[in-house]
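For reference, the structure is listed below as structure tokens.
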Amino acid sequence: MELTDLTLHELRGLLAEKKVSSTELTKIFLERIAAVNSKVNAFIKVVEEEALQAAAKADQRLQTGDTAPLTGIPLALKDIFITEGIETTCASKILSGFIPPYDGTAVNRLKKQDAVILGKLNMDEFAMGSSNENSAFGAVKNPWNPACVAGGSSGGSAACVAARMAAATLGTDTGGSIRQPASHCGVVGLKPTYGRVSRYGVIAFASSLDQVGPLTRDVEDCAIMLQAVAGYDPLDSTSIDTPVPDYPAGIKKGVKGLKIGRPKEYFIEGLDPDVASTIDRAIATYRELGAEIVDVSLPHTDYAIACYYLIATAEASSNLARYDGVRFGQRVNPGEGLIEMYRQSRAAGFGPEVKRRIMLGTYALSSGYYDAYYLKAQKVRTLIRQDLNNAFEEVDVLLTPVAPSPAFRIGEKAADPLQMYLSDIFTISVNLAGTCGLSLPCGQSQEGLPIGLQLIGKPFAEETLLRTGYAFEQATDWHLKKAPL
Ligand code: GLN
């Protein structure tokens, strides 16, 4: 067993017992990155020198015994998190060379614990995508099969954990971008409740939907990472001032008597048969563990994709206005006036999917179409939230697939954006409703690709999700399977 194979909580034990130092551990992870990143393309940037400095600092703190849960643990960040002194591109050409002058809140909180940041991870440009093919740095390859996508948009964050190049990572989830790549790469991913984790210093895609969360080897690691970043932040006006429970302490409570809802709209024709049978087996496992399975309905599910792709693109068109070659972004200036400078800067800097979204969103917000598209979508969003609220009157947790199929081939859906958008059907309602969702490995396809299970909770019920996920892990061994790399 290699040290890189261990979970964060196991590594933490070794550091505390002084069986290994953070510097040794960091070097081992850096070697692992050097050996396998070219096969996966998860890292956009590795910051070896800064990582070793942070490890040396962590080692001093470990000597004192006054440590935090992440002290000395090698982690990596999606390149959507701005990092002081380290280039941050959001996988877009338009931000190439952008060196932020400060750290965001989540990064700050990791650094306060003296975690070691190894580098920045690949993603879909501005987090727009479900396959990580929309990156200026090329697609991330799935560690289970390099011909397949890793999922997106936090594909680098999921593949990095699956390929054991960091103990855990942070990603963001606007419509599934943590949960779906976690599912495709066989790791655990949590999208916390809107307002649970600060987005200060996270590059905005769709501000009413974006949320920060961890991708990890197992549920216990997920609880540790969430604990580190959760909580009120006056620098993010959408962050909510509600107490943060002790997440790791709550995971072992079991699921006896827990009511788990099975939404009938999520078990549709077209669901991949391997996914369907795997989820059925997971349901049977929960029954054996003493949970009660209840059929529920989320009647507006069919409208979720249209609703999401109107709201997300509308917000993106507004958020991305700042990349104009003046406030932010590489400038292309042909010397033909301001408008031409904007036009050429944006034309050269953004990739095709980002341009498509800006155009869709601008159209949905334009006068004459606003009522028919944007306003209508906002009303539908309320109905989708009500569906979930109604279900949660009857059950504690919902259990669904994460994605309609296991990871697809690189290139398979790239030419058909609608096909790509449709694959988000099971994850976007959670964002539209502002609640939390956990993805954890629950099986494999006949081809040997991981399949994930989604647990959806009430707002701020991350504790319930984590204990429900943990109970499944204790009864199965899917989270222990390792990508053949
Ligand atoms: N796949 C969705 C999209 O393309 C979600 C992306 C995300 O969560 N950032 O918008």
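Yes/no per residue for (1) aromatic (Phe, Trp, Tyr); (2) within 12 Å of the ligand (Cβ to nearest atom); (3) buried (at least 24 other Cβ atoms within 10 Å of the Cβ):
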| residue | (1), (2), (3) |
| --- | --- |
| LEU118 | no, no, yes |
| LEU121 | no, no, yes |
| GLU125 | no, yes, yes |
| ALA136 | no, no, no |
| VAL140 | no, no, yes |
| PRO143 | no, no, yes |
| CYS148 | no, no, no |
| SER153 | no, yes, yes |
| GLY156 | no, no, yes |
Quiz item: Does ALA162 satisfy being closer than 26 Å to THR468 by Cβ, hydrophobic (A, V, I, L, M, F, W, C), touching a helix residue (DSSP H, G or I) at 6+ places or on another chain (Cβ under 7 Å) and within 16 Å of the ligand (Cβ to nearest atom)?
Solution: no
Quiz item: Scanning for something among the aromatic types (Phe, Trp, Tyr), surrounded by fewer than 24 Cβ atoms within 10 Å (Cβ to Cβ) and more than 14 Å from the ligand (Cβ to nearest atom), does the stretch 400-422 turn up at least one residue?
Solution: no
Quiz item: Given the structure, is ASP371 farther than 13 Å from TYR309 by Cα, acidic (Asp, Glu), under 24 Å from the mean Cα position of the chain (by Cα) and more than 15 Å from the ligand (Cβ to nearest atom)?
Solution: no
Practice problem: Check off (1) farther than 18 Å from ALA150 by Cβ; (2) in contact with a Phe, Trp or Tyr (Cβ under 9 Å, 6 or more places away or on another chain) for GLU393 and give me the number that stays unchecked. | Solution: (2)
Quiz item: Is it true that ASP221 is surrounded by 15 or more Cβ atoms within 10 Å (Cβ to Cβ), charged (D, E, K, R), within 16 Å of the ligand (Cβ to nearest atom) and more than 19 Å from ASP396 (Cβ to Cβ)?
Solution: no
Practice problem: Output the residues belonging to the stretch 245-300 that are acidic (Asp, Glu), under 23 Å from the mean Cα position of the chain (by Cα) and over 24 Å from PRO192 (Cβ atoms). | Solution: ASP272
Exercise. Report those helices (runs of 4 or more DSSP H) wholly inside the stretch 393-485 carrying at least 3 residues which are at pLDDT 95 or above.
Key: 428-433, 462-475
Quiz item: Counting residues that are of a type in the set (A, V, I, L, M, F, W, C) and closer than 20 Å to ARG109 by Cα, which helices (runs of 4 or more DSSP H) fully inside the stretch 1-82 reach at least 1?
Solution: 8-16, 48-64
Exercise. Go through the stretch 178-202 and count every residue that is within 11 Å of the ligand (Cβ to nearest atom) and assigned to a loop (DSSP other than H, G, I, E, B).
Key: 1
Exercise. Filter the stretch 233-267 down to the residues that are of a type in the set (Ser, Thr, Tyr) and touching a residue at least 24 places away in the same chain (Cβ under 8 Å), then identify the one that is nearest to VAL402 (Cα to Cα).
Key: TYR266
Quiz item: Within the set of pairs 6+ apart or on separate chains, which have a first residue in the stretch 322-348 that is surrounded by 12 or more Cβ atoms within 10 Å (Cβ to Cβ), a second that is among the polar types (S, T, N, Q) and in a loop (DSSP other than H, G, I, E, B), and C-beta atoms under 7 Å apart?
Solution: GLN330/SER96; MET341/ASN333; SER345/GLN330
Quiz item: What are the residues in the stretch 165-175 that are within 16 Å of the ligand (Cβ to nearest atom) and either in a loop (DSSP other than H, G, I, E, B) or touching a Cys at 6+ places or on another chain (Cβ under 9 Å) (or both), if any?
Solution: THR169, THR174, GLY175
Quiz prompt | Residue in the stretch 295-311 that is within 30 Å of GLN344 (Cα to Cα), touching an Asp or Glu at 6+ places or on another chain (Cβ under 8 Å) and within 15 Å of the ligand (Cβ to nearest atom) present | solution = yes
Quiz item: Looking at (1) hydroxyl-bearing (Ser, Thr, Tyr); (2) under 30 Å from GLY129 (Cβ atoms); (3) surrounded by 15 or more Cβ atoms within 10 Å (Cβ to Cβ), which is the only condition SER237 fails?
Solution: (3)
Quiz item: From the list ALA168, ALA182, ALA230, which one is out of contact with any Leu (no Cβ under 9 Å at 6 or more places or on another chain) and either at pLDDT 95 or above or of a type in the set (Lys, Arg) (or both)?
Solution: ALA230
Exercise. Report, ordered by the first and then the second residue, all pairs with beta carbons closer than 8 Å, sequence separation of six or more or different chains, a first member in the stretch 153-174 that is over 22 Å from PHE426 (Cβ atoms), and a second member that is within 16 Å of the ligand (Cβ to nearest atom) and aromatic (Phe, Trp, Tyr).
Key: LEU170/PHE81
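The values are calculated or read from the model by the stated rules, or taken from the named source; none is laboratory data. These numbers were taken from a predicted model, which means no experiment stands behind them. Counting neighbours? That spans all protein chains shown, and the Cβs are built from the backbone with ideal geometry, glycine included.
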